[in-house]
Amino acid sequence: MTAAIVEHLDHFQRRVIQDALLDGSAAYWRRRAEAFEWARPRPGDFTGRATQAELAEIDRRCVTAAEACRARAVNAPLDRAEFGVLVDEVAA
C-alpha cells in the first residue's frame, strides 16, 4: 500500500474510535436530548396538512426520545475528563 492510503486508513481508524468514545459521553447524550426538544412542534410552525393528533404524537415521540437521551447521559460511562484523555490517547 502507498503511504497515502496507510495515512488515510490510520486517520479513519482514529475517527471511528473517537466517534465510538463520543457515544459514551454524557455531553453527547445531553446534546441529543436538546436536539429532540428543539424538534418538538411549536405554535406558529408550518405544519402542512398534519392534524392536531399527528402533531401531538410527534410531540410525544420527541419528548420520549429526549427523556431517553437524558437517562442515557446519567448512565454514560465517560465523563468529560475521561473522554478527553481517551481521545488524546487515540490521536497519538
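We did not get these values from a lab; they are worked out from the coordinates using the rules stated. Here the structure is a predicted model, which means the values were calculated and not measured. Cβ placement follows ideal geometry from the backbone for every residue including glycine, while neighbour counts extend to all protein chains displayed.
For F36, F46, F12, what's the fewest-to-most ordering of other Cβ within 10 Å of each Cβ?
Working: F36 18, F46 5, F12 10.
Ranked by crowding around the Cβ, least crowded first: F46, F12, F36.
Fewest first, what order do L22, L9 take by the number of other Cβ atoms within 10 Å? Kindly include the intermediate steps, with their values, before the conclusion.
On the way: L22 16, L9 11.
Listed from fewest to most nearby Cβ atoms, that is L9, L22.
Let's test the formula: R0 of 30 Å, r as the Cβ-Cβ distance of V74 and D10. What FRET efficiency results, to the nearest 0.05?
Working: r = 35 Å, r/R0 = 1.16.
Approximately 0.30, to the nearest 0.05.
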